[in-house]
1. What is the one condition in (1) over 30 Å from residue 46 (Cβ atoms); (2) of a type in the set (Lys, Arg); (3) touching a Cys at 6+ places or on another chain (Cβ under 9 Å) that residue 240 does not satisfy?
2. Which one is farthest from the chain's Cα centre (by Cα) among residues in the stretch 180-194 that are assigned to a helix (DSSP H, G or I) and of a type in the set (D, E, K, R)?
3. Working carefully through the options 278, 282, find the one that is out of contact with any helix residue (DSSP H, G or I) (no Cβ under 6 Å at 6 or more places or on another chain) and of a type in the set (A, V, I, L, M).
4. For the structure I just gave you, tell me whether residue 139 is modelled with pLDDT of 85 or more, under 16 Å from the mean Cα position of the chain (by Cα) and assigned by TED's automatic domain parsing to the domain that holds residue 88.
5. Of the residues 216, 181, which single one is outside the structural domain of residue 267 (by TED's automatic domain parsing) and farther than 20 Å from residue 133 by Cα?
6. With 157, 233, 224, 170 as the choices, which residue is touching a residue at least 40 places away in the same chain (Cβ under 8 Å) and either assigned by TED's automatic domain parsing to the domain that holds residue 266 or aromatic (Phe, Trp, Tyr) (or both)?
7. Residues in the stretch 275-282: is at least one under 30 Å from residue 230 (Cα atoms), assigned to a loop (DSSP other than H, G, I, E, B) and touching a strand residue (DSSP E or B) at 6+ places or on another chain (Cβ under 6 Å)?
8. Out of curiosity, is residue 170 in contact with a Lys or Arg (Cβ under 6 Å, 6 or more places away or on another chain) and either of a type outside the set (Gly, Ala, Ser) or under 29 Å from residue 91 (Cβ atoms) (or both)?
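The values are calculated or read from the model by the stated rules, or taken from the named source; none is laboratory data. Remember, predicted model here, so these are calculated numbers, not experimental data. So basically every Cβ, Gly included, is an ideal-geometry build from the backbone, and we count neighbours across all protein chains shown.
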Amino acid sequence: MSDKREPTLRCGFTTGAAAAAAVRGALLHLIEGRFPATVILPLPTGEALTIPIHACSFTADGGAECLVVKDGGDDPDVTHNAVIGARVRLGAPPRECREAAVGNGANPGVVLPDFDGGRIRLFGGTGVGRVTKPGLEVAPGEPAINPEPRRMIRQAVLDVLADRRDIGTVCVEIFVPEGEAMAIKTLNARLGILGGISILGTTGIVRPMSHDAYIATIRASLSVAEAAGLDTVVMTTGRRSERFAQALWQDLPEEAFVQIGDFFETSLTAAATGFREVRIAVFFGKAVKMAQGIPHTHAAKSAMTLQRLSEWALAVSGDADFAERVAHANTARHAFEFIRAEHPALISRVGRAMIAAARRFSGEGFRIRGVVFDFEGNRIFDENGGAVS
């Protein structure tokens, strides 16, 4: 008997945890005059992480800064290995605190809840985005540092300063040196987050294959669309299908288009309130998987779907040889090449099944329209799945 075991995937930590750890490290450096190699960071879940501190230094204005290298574990994203920094300063008047932060290129700050002996002013520095549209967890005009990271940062201040009184204002500036370049690879601009990345995380831990960040982006996109007063959103699976959809519906604003990746069920469930119509615009290969009601359509998450497509091919055409060729095609894209030429009615069968599967996930809250593109962006199926009264 083989005793081979599946390798254990390594967890990482979020940008929010990295920022809070940098704050804790900078405070310790400032108060104790030492470079803490690691800090222990309590998490909202009751767990704690030991996070390495990459570097610390004193600043010219009497404060301190520390850097943390964000570790995505075995589920890396665009922020994996990003340097997340925090500058802290104690006792400065609020106006001076703000002027110093703005001088470093920071966004307008926010005041975190008061603590015994003072208050915390939090700024988003270089590489941290600024929110410009409603509908997100953070109000327009504020730095894109989400509520849970804010709470973790506040707790870091409370923990380190627990024995100090009358400290006055604690100035905290979070910065990401390469954040603006990283943000180009995200959907932040679509969400109205400009100038850098978001500081995110609800638990502080990145769990491999959890896809939490992508799902959060989908939900944020839907929230922004709803806050913009839109009653129609278009769900695509990636940038290429989105480009074709935007060319098709040029009357819709950018906020109406939501890239859902492989998260078919999750996206429809998240859109269950707030919209009158959802349009699903995808290529044939994804449509085949969606038509079979696969909740998560990544190849690694579902068996090859050609057998069911072959069964539909036989029902539509009555041609056993045709159905057999479908079953033995290399991919759905390969099958599409002869399906379109010989029995295009099968494409409509797939499209209608896709709409029906979407309806099962979403309920009856809105109208669903399904569009399937060929690989050059031409519509090969376009049907309204029924009006909602």
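1. Going through (1) over 30 Å from residue 46 (Cβ atoms); (2) of a type in the set (Lys, Arg); (3) touching a Cys at 6+ places or on another chain (Cβ under 9 Å) one by one, residue 240 breaks only (3).
2. 180
3. 278
4. So residue 139 does not fit the description; no.
5. That would be 181, the only listed residue that is outside the structural domain of residue 267 (by TED's automatic domain parsing) and farther than 20 Å from residue 133 by Cα.
6. 233
7. yes
8. no
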